[in-house]
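What follows is calculated from the coordinates using simple rules that are stated; it is not laboratory data. None of these values were measured; they are calculated from a predicted model. All Cβ positions, glycine included, derive from the backbone under ideal geometry; neighbour counts span all protein chains shown.
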Amino acid sequence: MANHVSAAKRARQRLGRTARNRLVQGALRSSLKRARAALGGGDAATAQAVVAAASRTAARAASKGLLHRNAAARLSSRLQRALNKLNASG
């Protein structure tokens, strides 16, 4: 339990931030899972849209401080590289 008004306020703020971060983190995980499934499925047209959405989600997570910007860039790069490989083979 918080012993000061300022500590109580920080506790309230933490709850809001945690809830917001969980939403963004969950959206990121889901979009990455969808992108990897689409890349594994072999349909390049579907995979293109899903990979673009996953890259946007990663960039949004990075802008909110949930993910380092280099980590977001690395995720996007790996997805794009897999998409390029799929387009080249199919």
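Summary of computed values
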{"item": "Identity of the residue in region 76-90, more than 12 Å from the chain's Cα centre (by Cα) and among the hydroxyl-bearing types (Ser, Thr, Tyr), that ends up farthest from LEU39 (Cα to Cα)", "result": "SER77"}
{"item": "Qualifying position, being under 12 Å from the mean Cα position of the chain (by Cα) and buried (at least 17 other Cβ atoms within 10 Å of the Cβ), among ALA73, ALA47, ALA54, ALA38", "result": "ALA54"}
